[in-house]
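Q: Have a look at this one.
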Amino acid sequence: MTDIESKPAVSKNELLKEATPTLAGNIAATLSTAATDHFTEDDGQFLKFHGVYQQDDRDLRKEGKKYLMMIRGRIPGGVMTPAQWRVFDELAWLYGNNTLRITTRQSIQFHGVVKANLRLLVKKINEAMLSTLAACGDVNRNVLAPPTPAYTKAREQVFRDCVRLADALRPQTRAYYAIWIDGFQLKTDDPINQAFVDPLYGKTYLPRKFKTAFAIPPVNDVDVLTNCLGFIAIVENDQVAGYNLAVGGGMGRTHGNDETYPRLADVLGFFTPDKLVDAAKAVLTIHRDFGDRAERKHARLKYVVAERGVDWCRAEVEKRANIKFAPARPFKFTTMSDLYGWRQAVDGTWFLTLFVETGRVKGGQKTALRQIAEKFPNLEFRLTTNQNVILANVAESDKAAINGLLASHGVKTENQASVLHSASMACPALPTCGLALAESERMLPGLVDRIEKLCAALGSTTKKSLFARPAARTDAHGPTWRRSRS
């Protein structure tokens with residue numbers, strides 16, 4: 001038996017999932033008691049499948065741990081109604097730190113939530129017809145879709161496919177609704193619960209997280225080839241003729257561990273839209289069946305593709321999905337940037353892209369967006385992977401009122417930020433993330449200001465507007481220079 005076929009001892013996470021396949025843990029019981037302000041370490045792993053990370057305020061560790069929760073929404077394609085935005089805004093004020101953190105996967109994170117408020121927040125997200133299920137954990141995460149409506153009418157078809165696929169890849173455990181909606185604890189020793197097997201993921205789900213994205217060339221605003229699973233739309237006459245399927249991307253690595261490395265996805269071939277769900281499930285189950293369950297740092301799909309080969313992966317997908325790939329259709333990526341300011345969409349309506357520093361919606365910008373959501377119920381909020389907000393489906397007659405409302409809160413719609421600020425990204429890091437080694441979000445804006453001053457002193461101009469931002473570097477795989485963990 002070769003090393004690749006051997007089955008070493010599995011990690012602790014695998015044992016936890018096997019023992020409690022409903023993912024219920026003792027979460028509901030802990031939520032219902034005031035005897036503790038946090039969950040056990042084991043339940044902390046189960047919480048991730050429910051969209052929750054247990055953290056603590058690292059600024060206060062000398063005084064003892066103050067436990068806080070981070071909650072991440074599952075928002076397919078990053079599209080929200082004004083009513084949903086208002087709910088998220090209110091929840092951040094009531095139960096969080098009164099900020100909304102837009103992620104690089106078109107989602108929103110709440111920070112600073114204490115255990116006593118956790119169920120209320122998650123329940124209200126569900127009442128707004130969104131969810132937190134599978135926003136984290138060893139499952140398919142939030143599915144990305146191109147947010148900008150300026151290039152082709154096919155974007156609406158791609159978005160519908162994004163929503164359809166997000167629903168098809170959703171885990172089926174009833175523990176989520178039992179805990180967060182109904183508020184009761186599933187009995188983990190009940191034979192029915194112990195015997196639960198998710199029809200797609202199996203009893204132990206995936207070895208690690210799984211990321212999926214849709215892109216429409218020539219725009220690669222979702223970094224599609226850095227995802228485990230990518231769908232590159234081939235558009236003909238404003239219709240999606242099909243998708244090039246890309247598998248095995250991921251930019252993460254562990255310092256000092258040569259078995260981990262960044263990798264761009266390989267394009268396997270072209271298929272028609274009717275086989276979308278079949279192709280996606282085939283790729284996901286390859287990860288399920290062949291991913292490394294012993295070493296989590298080596299457990300992403302990219303290592304399966306790299307070690308077993310692209311030809312093997314193509315044949316395996318064709319067998320599992322009952323399809324035969326055609327040769328990949330030609331495509332080229334030329335940009336990954338957002339179109340800032342006011343632009344006209346292909347359907348004649350208008351959209352406004354607002355720059356959000358490090359993705360953190362707060363202060364006057366948060367107030368302005370809430371008021372827009374209250375006064376303009378027919379527009380659409382779209383989150384970008386560059387951590388910005390797009391207001392879409394805006395009637396021309398409403399532009400002036402929106403401009404005035406934003407201006408009254410100090411929010412610019414033109415010349416919103418310099419090139420360096422608009423191109424910068426930072427993970428939240430301190431004080432909440434347990435993995436952070438140094439400051440990131442809190443430090444970055446001031447650091448960029450210092451760099452701009454040094455550049456000015458050396459005669460280099462950086463104070464251009466976002467509209468003059470140069471296109472990102474491209475190669476055969478498109479732009480790949482940025483992505484922060486989300």
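The values are calculated or read from the model by the stated rules, or taken from the named source; none is laboratory data. Every value quoted in this text rests on a predicted model; they were computed, and no experiment measured them. Here the Cβ positions follow ideal geometry from the backbone for every residue, glycine too, while neighbour counts run over all protein chains shown. Surface areas here come from the heavy atoms of the whole protein model, side chains and all, with no ligands, DNA or RNA. Shrake-Rupley method; radii C 1.70, N 1.55, O 1.52, S 1.80 Å.
Q: Given the residues THR358, THR349, which is the only one that is farther than 20 Å from ALA233 by Cβ, of a type in the set (S, T, N, Q), touching a strand residue (DSSP E or B) at 6+ places or on another chain (Cβ under 8 Å) and at pLDDT 95 or above?
A: None of the others qualify; the one that does is THR349.
Q: What residue, of THR152, THR132, is crowded, with 17+ Cβ neighbours inside 10 Å and at pLDDT below 95?
A: Result of the check over THR152, THR132: THR152.
Q: State the number of residues belonging to the stretch 18-43 that are crowded, with 18+ Cβ neighbours inside 10 Å and not hydrophobic (A, V, I, L, M, F, W, C).
A: 7
Q: Within the stretch 6-42, track down each residue that is hydrophobic (A, V, I, L, M, F, W, C) and on the phi > 0 side of the Ramachandran plot.
A: Within the stretch 6-42, LEU23 is the sole residue that qualifies.
Q: Another question, if that's okay. Does the stretch 237-257 hold any residues that are in a loop (DSSP other than H, G, I, E, B) and without any contact (Cβ under 8 Å) to a residue 60 or more places away in the chain, and which are they?
A: Correct list: ASN237, GLY249, ARG253, THR254, HIS255, GLY256, ASN257.
Q: Check whether at least one residue in the stretch 399-415 is basic (Lys, Arg), closer than 16 Å to ARG86 by Cα and under 29 Å from the mean Cα position of the chain (by Cα), and report yes or no.
A: Looking through the stretch 399-415, none of the residues is basic (Lys, Arg), closer than 16 Å to ARG86 by Cα and under 29 Å from the mean Cα position of the chain (by Cα).
Q: Picking from ARG314, ARG320, which residue would you name as being open to solvent by 40 Å² or more (accessible area, probe 1.4 Å), in contact with a Phe, Trp or Tyr (Cβ under 8 Å, 6 or more places away or on another chain) and assigned to a helix (DSSP H, G or I)?
A: When all the criteria are applied, what remains is ARG314.
Q: Report, ordered by the first and then the second residue, all pairs with beta carbons closer than 7 Å, sequence separation of six or more or different chains, a first member in the stretch 134-148 that is farther than 20 Å from VAL224 by Cβ, and a second member that is open to solvent by 10 Å² or more (accessible area, probe 1.4 Å) and among the acidic types (Asp, Glu).
A: none
Q: With the checklist (1) touching an Asp or Glu at 6+ places or on another chain (Cβ under 8 Å); (2) more than 23 Å from LEU133 (Cα to Cα); (3) not β-branched (Val, Ile, Thr) in hand, flag the one item LYS209 doesn't pass.
A: Answer for LYS209: the failing condition is (2).
Q: I've got another one for you. I'd like the residue in the stretch 336-370 that is more than 25 Å from LEU91 (Cβ to Cβ) and polar (S, T, N, Q) and, out of all such residues, is surrounded by the most Cβ atoms within 10 Å (Cβ to Cβ).
A: Filtering first and then ranking leaves SER337.
Q: List every residue pair whose Cβ atoms lie under 9 Å apart, where the two residues are 6 or more positions apart in sequence or sit on different chains, the first residue falls within the stretch 361-378 and is at positive phi, and the second residue, located anywhere, is outside any helix (DSSP H, G or I).
A: Final answer for the pair search is GLY363/THR99; GLY363/HIS409; GLY363/GLY410.
Q: Evaluate the following for PHE290: is it of a type in the set (Phe, Trp, Tyr), out of contact with any strand residue (DSSP E or B) (no Cβ under 6 Å at 6 or more places or on another chain) and surrounded by 19 or more Cβ atoms within 10 Å (Cβ to Cβ)? Quick ask: steps written out before the conclusion?
A: Details: of a type in the set (Phe, Trp, Tyr): yes; out of contact with any strand residue (DSSP E or B) (no Cβ under 6 Å at 6 or more places or on another chain): yes; surrounded by 19 or more Cβ atoms within 10 Å (Cβ to Cβ): yes.
The answer is yes for PHE290.
Q: Continuing with the same structure: So the check is Cβ under 8 Å with 6+ separation or different chains; which pairs have a first residue in the stretch 258-273 that's farther than 21 Å from ALA241 by Cβ and a second one that's open to solvent by 30 Å² or more (accessible area, probe 1.4 Å) and acidic (Asp, Glu)?
A: GLU259/GLU295
Q: Against the conditions (1) in a helix (DSSP H, G or I); (2) farther than 29 Å from ASP189 by Cβ, where does ARG119 fall short? Just the number, please.
A: Going through (1) in a helix (DSSP H, G or I); (2) farther than 29 Å from ASP189 by Cβ one by one, ARG119 breaks only (2).
Q: Being among the small types (Gly, Ala, Ser) and open to solvent by less than 10 Å² (accessible area, probe 1.4 Å) is true for just one of GLY137, GLY96. Which residue is that?
A: Working: GLY96 fails: open to solvent by less than 10 Å² (accessible area, probe 1.4 Å).
Going through GLY137, GLY96 in turn, just one is among the small types (Gly, Ala, Ser) and open to solvent by less than 10 Å² (accessible area, probe 1.4 Å): GLY137.
Q: Same structure again: Just need a number here: residues in the stretch 52-66 that are open to solvent by 40 Å² or more (accessible area, probe 1.4 Å) and within 14 Å of CYS433 (Cβ to Cβ).
A: The total comes to 5.
Q: Quick one: in the stretch 184-208, which of the residues that are surrounded by fewer than 14 Cβ atoms within 10 Å (Cβ to Cβ) and over 27 Å from the mean Cα position of the chain (by Cα) is nearest to ALA299 (Cα to Cα)?
A: Among them, the one singled out is ALA195.
Q: Of the residues LYS281, LYS302, which single one is open to solvent by 60 Å² or more (accessible area, probe 1.4 Å) and not aliphatic (A, V, I, L, M)?
A: Just a single option satisfies the conditions, and that option is LYS281.
Q: Let me ask you something else. Condition first: open to solvent by less than 40 Å² (accessible area, probe 1.4 Å) and either touching a strand residue (DSSP E or B) at 6+ places or on another chain (Cβ under 7 Å) or within 30 Å of ARG160 (Cβ to Cβ) (or both). Now tell me which residues in the stretch 246-262 satisfy that.
A: ALA246, VAL247, GLY248, GLY249, GLY250
Q: Give just the number: which of (1) closer than 30 Å to ALA345 by Cα; (2) aliphatic (A, V, I, L, M); (3) touching a Gly at 6+ places or on another chain (Cβ under 7 Å) does VAL113 not satisfy?
A: (1)
Q: Also, I was wondering about something else. Answer yes or no as to whether LEU369 is in a helix (DSSP H, G or I) and touching a Lys or Arg at 6+ places or on another chain (Cβ under 8 Å).
A: Taking the combined requirement at face value, the residue does not satisfy it.
Q: When both residues are 6+ apart or on different chains and their Cβ atoms are under 7 Å apart, which pairs have a first residue that lies in the stretch 98-123 and is within 17 Å of ARG370 (Cα to Cα) and among the charged types (D, E, K, R), and a second that is open to solvent by 20 Å² or more (accessible area, probe 1.4 Å) and assigned to a strand (DSSP E or B)?
A: ARG101/ARG360
Results for (1) at pLDDT 90 or above; (2) more than 22 Å from the chain's Cα centre (by Cα); (3) closer than 15 Å to VAL356 by Cα; (4) not in a helix (DSSP H, G or I), shown as yes or no for each residue.
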| site | (1), (2), (3), (4) |
| --- | --- |
| CYS427 | yes, no, yes, yes |
| GLU452 | yes, yes, no, no |
| THR461 | no, yes, no, yes |
| LYS464 | no, yes, no, yes |
| PRO470 | no, yes, no, yes |
| THR474 | no, yes, no, yes |
| THR480 | no, no, no, yes |
